[in-house]
Every structure is written in C-alpha cells, then in structure tokens.
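To start, the structure under review is shown below, and the notes come after it.
The values are calculated or read from the model by the stated rules, or taken from the named source; none is laboratory data. All values reported here derive from a predicted model rather than from experimental measurement. Don't worry about glycine lacking a Cβ; one is built from the backbone with ideal geometry, like all the others, and counts go over all protein chains shown. When the accessible area is computed, the model is the full protein with side chains, heavy atoms only, and any ligands, DNA or RNA have been set aside. Shrake-Rupley method; radii C 1.70, N 1.55, O 1.52, S 1.80 Å.
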Amino acid sequence: METALGQRQGLPADLLYLSEKHPRGTWRGRSELAGAGETWLGSHDYFRAITAKISENLVRLRERGETAYDSGAAFRRHSGSLLGGLEGHHGIEDDHYFPMFRRVEPRLIRGFDILNADHEMIHAAIYDFSARSRDFLSRIGSSEGVMNSDQRRATDEMAETAARFTAILRQHLGDEEDIVIPLIIEQARDDPEFG
Ligand SMILES: [Fe+2]
Ligand SMILES: [Fe+2]
C-alpha cells in the first residue's frame, strides 16, 4: 500500500483502531484534550486558515489584475508566518512528541514513521515554496497598478505552488490528527499530567 504523502488514500486501516474508538466528530470540548490536544488542533487550524488565506489572496490578485501597495508585503507576512510556524511545529513533533508517543504506543510506530516521512516531504516543499516566493516577490515588485504579463504569470505560478503545498499539508494535518488526538485522549485518561 502506498503510504507517501500525496500518493496515499488515507492511513492504513491497522493504524486507525484508536480513531475508530474516538472519531473526529467527538473531539471538540473534551476534557482530555484541554492541554496539549487543544493546542495541537489550534496550531493545525491556524495552518489551514493561513494557507487558505494565501491562496485566496493570490486568486483575488489575479482576478483583479492590479497590484496594491501591500500585495507583496501581505504575501510575505502570511507565508513567513506559515513556513516559520510549520518549521517550529514539526520540530516539536519530531523531537518531543513523536518519540514519546512511540514509547507509549508501540503499535503506532509505523504511523509515526509515516508522519516523520511526511515532515521530510513537507520540508522539501517548504524549500520549494520559499524559492518560488522569492521569485514571485521580485517579479511582482512594489509598484501599484495594472499587472503586466510577467506579473500575471508569476501570480499564476505562485498560486499553483500554493495549491500544491496546501493539498499535501492538509492531508498531513488530517492524518496526523487521526493518529495523535485519539492517542492523547487515551493517555490523558490514564495520566492526567500527560502531554
Ligand atoms: Fe506534523
Ligand atoms: Fe502537526
């Protein structure tokens, strides 16, 4: 079965025994998630929101056909926040949470192998996104007014990169939640200090 991000159709069934017990629809507001779980979901919601905003702004810019004084600056701000936030978030997962989860739930080790591999793929995509962003920003410039053909092309290319990035990121966030959140619920029951 294909497990690579962007290729797989969901997680292997044998990794979903906890999420069958605690399905997605039952998470919000649960006391077991009051600490680490809610923080985790909050970070993921932020990444979903900021990627959607970046894509919407690019589509709007393309439709309007005109740059505004802050077109480039807003893009730089949002993408900097997304990429920097993701690097920090993945660092904590890779260095702290995943090693701990591997110890407490060895049956999910393969799941954490998949999620660690996702992180590597996302990091390659972050690199690509950053390079494309620099190119986009230099072509879009800082002047206001009707876009020329190269600025329109640059916006299309950036929008495609952002859409590709968003698709793999969303798949990772969803699959990670299906493994991690039910595990936090189980662990927090046994040990309220967990997380
Ligand atoms: Fe992750
Ligand atoms: Fe995450």
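Search the range 36-57 for residues that are on the phi > 0 side of the Ramachandran plot and more than 11 Å from ligand 2 (Cβ to nearest atom) and pair each with any residue that is polar (S, T, N, Q) and outside any helix (DSSP H, G or I) when their beta-carbon atoms are under 9 Å apart and the residues are at least 6 apart or on different chains.
That search, which allows pairs on different chains as well, returns nothing.
Taking the stated definitions as given, is ASP118 assigned to a helix (DSSP H, G or I), within 13 Å of the chain's Cα centre (by Cα) and among the acidic types (Asp, Glu)?
On the way: assigned to a helix (DSSP H, G or I): yes; within 13 Å of the chain's Cα centre (by Cα): yes; among the acidic types (Asp, Glu): yes.
Taking the combined requirement at face value, the residue satisfies it.
Taking the condition of being assigned to a helix (DSSP H, G or I) and under 21 Å from LEU16 (Cα atoms), how many residues in the range 148-195 meet it? Full working, then the answer.
Residues of the range 148-195 that are assigned to a helix (DSSP H, G or I), as a first pass: 149-190.
With under 21 Å from LEU16 (Cα atoms) added as a condition, the list becomes 168-190.
Count: 23.
Restricting to the range 179-195, what's the tally of residues that are within 12 Å of ligand 2 (Cβ to nearest atom) and open to solvent by 30 Å² or more (accessible area, probe 1.4 Å)?
0
Anything in the range 1-18 that is within 14 Å of ILE179 (Cα to Cα), away from ligand 1 (no atom under 16 Å from the Cβ) and either open to solvent by 80 Å² or more (accessible area, probe 1.4 Å) or assigned to a helix (DSSP H, G or I) (or both)? List them, or say none.
Hits for the range 1-18 are ALA13, ASP14, TYR17, LEU18.
Can you find a residue in the range 126-147 that is in a helix (DSSP H, G or I), within 14 Å of ligand 1 (Cβ to nearest atom) and open to solvent by less than 70 Å² (accessible area, probe 1.4 Å)?
The first filter runs over the range 126-147 and keeps only residues in a helix (DSSP H, G or I), leaving 126-140.
Filter once more, so that each one left must be within 14 Å of ligand 1 (Cβ to nearest atom): 126.
Restricting the remaining residues to those that are open to solvent by less than 70 Å² (accessible area, probe 1.4 Å) gives 126.
Yes, some residue in the range 126-147 is in a helix (DSSP H, G or I), within 14 Å of ligand 1 (Cβ to nearest atom) and open to solvent by less than 70 Å² (accessible area, probe 1.4 Å).
Go through LEU108, LEU61 for me and flag whichever is farther than 30 Å from ASP190 by Cβ, of a type outside the set (Gly, Ala, Ser) and surrounded by 15 or more Cβ atoms within 10 Å (Cβ to Cβ).
The match here is LEU61.
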